[in-house]
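What follows is a set of notes on a single structure, which appears directly below.
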Amino acid sequence: MSGHSTYNPTNPVMKWLDDRLPLPRLMYDSFVSYPVPRNLNYWYTFGGILMIMMVSQIITGIILVMHYTPHVDMAFDSVEHIRRNVNFGNVLQKWHAVGASFFFIAVYIHIARGMYYGSYKAPREILWMLGVAIFLVMMATGFMGYVLPWGQMSFWGAKVITNLFSAVPFFGEAIVTWLWGGFSVDNATLQRFFSLHYLLPFVLVGVVILHVWALHVTGQGNPTGVEVKSGQDTIAFTPFATVKDAFALSVFFIVFTAFVFYAPDYLGHSINYEEANPLVTPEHIVPEWYYLPFYAILRAVPDKLLGVVAMFGSIMIWFILPWLDTSKVRSAAYRPIFKQLFWLLMIDFFILGVVGANPPEGWWITVGQIATVYYFAHFLILLPLVGLLETPRPLPSSISDAVLAKNASKQPAAQPAE
Amino acid sequence: MSTAEAPDEDRRDFLYIATGAVGAVGAAALAVPLIDQMNPSASVLALASIEVDLSPIEEGQSITVKWRGNPVIIRHRTAKEIEEAKAVNVADLPDQDARNANVADGSAATDENRVVDGKTQYLVQMGVCTHLGCVPIGNEGEYDGWFCPCHGSHYDTSGRIRKGPAPENLPVPEYQYLSDTKIKIG
Ligand code: HEM
Ligand code: FES
C-alpha cells in the first residue's frame, strides 16, 4: 500500500537530509505511518519475531567466530573452550544453538499462518515465493552451522546430506567429491562450510529485504482475506502493530530464554558431545528436529534418486502453491472443507516428524510412506479439487464490517441497556 | 536512412559481438579456477596407499582401517558365509555388477568376482554404504552380512546390496597381495 508519503520533517537538518537521501522518509513510511489491516491477530506477529531472531543469530554468530577454530583437530575443543572458558561463552554459545531451533519454530508458524489464511494468493505470489527461498537458505545455513562443532552427529549428518547429491545421474560422484574437497567429509569440508555458514546469513538478510519490499508493495493480508478497501480498514503500524509485535516477541523470548538457561540441550542430541569419528557411525543418526519431516520423506522412498527428488520436491512444491490452490477465497475461516484439510496436513507433517526421528524399521516405514503419499496428495490432488468443489461461507463486505460484527456478537447484552 | 550510415552500423554490430564474445570467454575462463579450487587439493590426492597385515584377523573377525579418510572393512569370512555368498543367483541381485576395482568393468556380481582367487576367505571392501555413506555394521541384517543403520540397507556376506535404499554393492577398492598375508590398498 504505497500511498503518498506523510513524512513531514520539521527539523531543518532532517529536511536537508530528506532532500538529498530520503532514508528517514523510507523508514517513516515503512515502519511508522505504514497502514496495516486493523484485524491482524497474533499469528501475524511472527514476521517481526523472525527479524529479531535473524539479528540475534548474526550477532551471537559473529561473537562465536571470535573464539572458534575451523579445523578438524581443534573445532570440537574450541566449542568446548567457548562453553567453559570464554566470559559468558556458555550463554552466548547456547543462545546461538538454541536460537537456531527457535528461529525454525518461528518460521514454521509463519509458514503455517500463510497456508491457513491463503496469504500466498494473488497478488502476493512473489512475496510467498521469496519466503520459500528464505526457508531454503535457512535450512542450508542451519545445516552447515551444525557441522561446525564437529561432533559425531555433525560429521555423520554432513556425510549423509552431502551424499544426497550422489543420486544425481552421471555427475553425482564428481559433485560430491567437489563438495567435500576430498574423498570423505574432512578438513576441507569443514573449512568451506565455515566460510559459507558465515556468508549465507547475509544472503538471508538480502532476501528478507526483498520479502519486506514485496510485502509493502501489495500490503499486508489479514485473517478475513478481504483486501483493504478504505482507510477505515487500517491502523498505523506504529504504535498499534509495533506494540502487538513487541508483546508477542517478549512472550516468545521468555520461552526461548527459558530453554537457553534451563534446557539448552533439550532440542539437540547428546551424541554431538562426542567428537567426530569417521570410522564409526552412531547407532542412530537423526538430523536436528526441524529437518525431520523432510528426512522422513527421503527415507519413505525405497529408491535413492527418487527419495532425494521427493525430499526436495516436498519443499519445491510450495513454490507453485499459489497456482495449486484453485479457490478464489483466501482465508480458511471461510472455507469449511479446506480448513479441515489444513489441520490434517498439520497432523500429517507432525507424524512425518515423528517418523523421521525413529529408526527406519518395521511399521515406521509403512507409516512414513502413508504420510508421504498424503503430503503430496494434499498439494497435488486435494487442494486443486477442493477449490473447485467447496462452497465457501459468505465473505464480509469489508474488514471493518467483519470487526464490527465480531465485537457486536461479543457483547450482545450491552446493547439493550443503552 | 542514408547510405552513409550503413558502414557505421556494421562497425557497431561488430564491436558489440566482439565485446560480447571476449566477455563470454573471459567469464568462462574465470569460472574454471573459482569452481575447480573446491576439488580435492594436491595434498589430499597425494594420500599414500596403506599396507595391512591380515594374519591377526581370526576367522569370523573383521577389522576396519582408514584409507583416504574412509573406512575399509576387511573380513575373514567363515566357510558358512562363503557358501551363502556363492549360493546366490546373480540374476536375483538388485545390483549385478561386481563393483570391484580389481576386475574388468561390468563383471558379474558373483562372489568370485568380489574377492581374490585362492583368498576367498578375505573380503576387502569400503565401509561406505552406497546409499548415503554411513558405515554399515557387521554381522547384522537379514542376510548375515552388513546392515546400515542409517536408512536400513542390508548387505550379504559378499557385501552385495540385497534390500533397502542403497543402489549398489559395497565397492571393493584397488588392492593387491604383497605376500601371503599382507595387502596393499590403493
Ligand atoms: C541464519 C542464521 C543462522 C542460523 C540458522 C545458524 C545456525 C547454527 C547452528 C544450528 C549451529 C550449531 C550450534 C551448535 O550445535 O553449537 C551454528 C553454529 C555456529 N554458527 Fe551459526 N547460524 C546462523 C548465523 C550465524 C552467523 C551470522 C555466524 C557468524 C557470522 C554464525 C557462526 C556460527 C559458528 C561459529 C558456529 C559454531 C559454534 C557453535 O557450535 O556454537 N552463525 N549455527
Ligand atoms: S546410508 Fe546406508 S542406508 Fe542410507
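The values are calculated or read from the model by the stated rules, or taken from the named source; none is laboratory data. Since we're looking at a predicted model, the values are computed, not measured. Methodologically, a virtual Cβ is constructed for each residue, glycine included, from the backbone with ideal geometry; neighbour enumeration extends over all protein chains shown. With ligands, DNA and RNA removed, areas are computed over all heavy atoms of the protein, side chains included. Shrake-Rupley method; radii C 1.70, N 1.55, O 1.52, S 1.80 Å.
Which fully enclosed helices (runs of 4 or more DSSP H) of segment A:230-319 have 2 or more residues being modelled with pLDDT of 95 or more, outside the structural domain of A:T366 (by TED's automatic domain parsing) and within 26 Å of A:G89 (Cα to Cα)? Spell out how you get there, then give the answer.
Values: elements: A:242-262, A:292-300, A:304-316.
In segment A:230-319, A:242-262 are the helices (runs of 4 or more DSSP H) which contain 2 or more residues that are modelled with pLDDT of 95 or more, outside the structural domain of A:T366 (by TED's automatic domain parsing) and within 26 Å of A:G89 (Cα to Cα).
Filter segment B:111-130 down to residues that are within 11 Å of ligand 2 (Cβ to nearest atom) and open to solvent by 10 Å² or more (accessible area, probe 1.4 Å), then give me how many there are.
Here is the first cut: in segment B:111-130, the ones within 11 Å of ligand 2 (Cβ to nearest atom) are B:127-130.
Those left that are additionally open to solvent by 10 Å² or more (accessible area, probe 1.4 Å): B:128, B:130.
Residues that pass the stated criteria total 2.
Looking only at segment A:383-402, which residues are open to solvent by 50 Å² or more (accessible area, probe 1.4 Å) and not in a loop (DSSP other than H, G, I, E, B)? Lay out the reasoning, then the answer.
The first filter runs over segment A:383-402 and keeps only residues open to solvent by 50 Å² or more (accessible area, probe 1.4 Å), leaving A:385, A:388-389, A:391-395, A:397, A:401.
Across segment A:383-402, the qualifying residues are A:L385, A:L388, A:L389, A:D401.
On the given criteria, is B:L34 within 14 Å of chain A (Cβ to nearest Cβ) and open to solvent by 70 Å² or more (accessible area, probe 1.4 Å)?
So B:L34 passes the test.
Might you let me know whether segment A:24-37 holds any residue that is near ligand 1 (Cβ under 10 Å from one of its atoms), open to solvent by less than 40 Å² (accessible area, probe 1.4 Å) and in contact with a strand residue (DSSP E or B) (Cβ under 8 Å, 6 or more places away or on another chain)?
Here is the first cut: in segment A:24-37, the residues near ligand 1 (Cβ under 10 Å from one of its atoms) are none.
Within segment A:24-37, none of the residues are near ligand 1 (Cβ under 10 Å from one of its atoms), open to solvent by less than 40 Å² (accessible area, probe 1.4 Å) and in contact with a strand residue (DSSP E or B) (Cβ under 8 Å, 6 or more places away or on another chain).
Testing A:Y291 on (1) crowded, with 17+ Cβ neighbours inside 10 Å; (2) free of Cβ contacts under 8 Å to residues at least 24 places away in the same chain; (3) of a type outside the set (A, V, I, L, M), one condition comes back false. Which one is that?
The failed condition is (2).
Go through (1) surrounded by 23 or more Cβ atoms within 10 Å (Cβ to Cβ); (2) at pLDDT 90 or above one by one and return the number of the condition B:P165 breaks.
(2)
Return yes when B:V22 is within 30 Å of A:V176 (Cβ to Cβ) and of a type in the set (V, I, T) and no when it is not. Reasoning before the result, please.
Details: within 30 Å of A:V176 (Cβ to Cβ): no; of a type in the set (V, I, T): yes.
It is false that B:V22 is within 30 Å of A:V176 (Cβ to Cβ) and of a type in the set (V, I, T).
Determine whether A:D265 is in contact (Cβ under 8 Å) with a residue 40 or more places away in the chain, within 28 Å of A:M51 (Cα to Cα) and more than 11 Å from chain B (Cβ to nearest Cβ).
Numbers: in contact (Cβ under 8 Å) with a residue 40 or more places away in the chain: no; within 28 Å of A:M51 (Cα to Cα): yes; more than 11 Å from chain B (Cβ to nearest Cβ): yes.
Against the criterion (in contact (Cβ under 8 Å) with a residue 40 or more places away in the chain, within 28 Å of A:M51 (Cα to Cα) and more than 11 Å from chain B (Cβ to nearest Cβ)), A:D265 does not qualify.
Could you tell me how many of the residues in segment B:142-184 are away from chain A (no Cβ under 11 Å) and either over 21 Å from B:E51 (Cβ atoms) or among the hydrophobic types (A, V, I, L, M, F, W, C) (or both)?
18
How many residues does segment A:80-100 contain that are in contact with a helix residue (DSSP H, G or I) (Cβ under 7 Å, 6 or more places away or on another chain) and open to solvent by less than 30 Å² (accessible area, probe 1.4 Å)?
Number of matching residues: 6.
Answer yes if at least one residue in segment A:365-378 is under 23 Å from A:L40 (Cα atoms), assigned by TED's automatic domain parsing to the domain that holds A:Y291 and not in a loop (DSSP other than H, G, I, E, B), and no otherwise.
From segment A:365-378, those under 23 Å from A:L40 (Cα atoms) are none; that's our starting set.
Within segment A:365-378 (the criterion being under 23 Å from A:L40 (Cα atoms), assigned by TED's automatic domain parsing to the domain that holds A:Y291 and not in a loop (DSSP other than H, G, I, E, B)), the answer is no, since none of the residues qualifies.
Quickly run through segment A:366-382 and pick out the residues that are buried (at least 18 other Cβ atoms within 10 Å of the Cβ) and within 14 Å of chain B (Cβ to nearest Cβ).
Selection gives A:G368, A:T372.
How about segment B:97-110: which of its residues are buried (at least 16 other Cβ atoms within 10 Å of the Cβ) and either in contact (Cβ under 8 Å) with a residue 12 or more places away in the chain or within 16 Å of ligand 2 (Cβ to nearest atom) (or both)?
The answer is B:D97, B:A98, B:R99, B:N100, B:N102, B:A109, B:T110.
One line per residue, one yes/no per condition, for (1) over 24 Å from A:V280 (Cβ atoms); (2) out of contact with any helix residue (DSSP H, G or I) (no Cβ under 6 Å at 6 or more places or on another chain); (3) within 14 Å of chain B (Cβ to nearest Cβ); (4) basic (K, R):
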{"residue": "A:Q152", "(1), (2), (3), (4)": "no, no, yes, no"}
{"residue": "A:A174", "(1), (2), (3), (4)": "yes, yes, yes, no"}
{"residue": "A:H197", "(1), (2), (3), (4)": "yes, no, no, no"}
{"residue": "A:V212", "(1), (2), (3), (4)": "yes, yes, no, no"}
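Quick check: is even one residue across segment A:349-357 within 24 Å of A:H269 (Cα to Cα), of a type in the set (F, W, Y) and not in a loop (DSSP other than H, G, I, E, B)? Outline the logic, then answer.
Restricting attention to segment A:349-357, the residues satisfying the condition of being within 24 Å of A:H269 (Cα to Cα) are A:349-357.
Subsequent filtering for residues that are of a type in the set (F, W, Y) retains A:349-350.
Those left that are additionally not in a loop (DSSP other than H, G, I, E, B): A:349-350.
Among the residues of segment A:349-357, at least one is within 24 Å of A:H269 (Cα to Cα), of a type in the set (F, W, Y) and not in a loop (DSSP other than H, G, I, E, B), which makes the answer yes.
Any residue in segment A:200-219 that is surrounded by 18 or more Cβ atoms within 10 Å (Cβ to Cβ), in the same structural domain as A:I161 (by TED's automatic domain parsing) and over 19 Å from the mean Cα position of the chain (by Cα)?
Yes, that holds for at least one residue.
Could you look through segment A:326-365, keep only residues that are among the aliphatic types (A, V, I, L, M) and within 14 Å of chain B (Cβ to nearest Cβ), and pick out the one that is least open to solvent (accessible area, probe 1.4 Å)? Lay out the reasoning, then the answer.
Going residue by residue through segment A:326-365, those that are among the aliphatic types (A, V, I, L, M) are A:329, A:332-333, A:337, A:341, A:344-347, A:351-352, A:354-355, A:357, A:365.
Checking the rest, the ones that are also within 14 Å of chain B (Cβ to nearest Cβ) come to A:355, A:357, A:365.
On the way: A:V355: 10, A:A357: 40, A:I365: 69 Å².
Once the filter is applied, the top-ranked residue is A:V355.
Check B:Y175, B:Y155, B:Y143 and return the single one that is buried (at least 19 other Cβ atoms within 10 Å of the Cβ), under 24 Å from A:G172 (Cα atoms) and either within 16 Å of ligand 1 (Cβ to nearest atom) or hydroxyl-bearing (S, T, Y) (or both). Can you show your working first?
On the way: B:Y175 fails: under 24 Å from A:G172 (Cα atoms); B:Y143 fails: under 24 Å from A:G172 (Cα atoms).
Of B:Y175, B:Y155, B:Y143, the one residue that is buried (at least 19 other Cβ atoms within 10 Å of the Cβ), under 24 Å from A:G172 (Cα atoms) and either within 16 Å of ligand 1 (Cβ to nearest atom) or hydroxyl-bearing (S, T, Y) (or both) is B:Y155.
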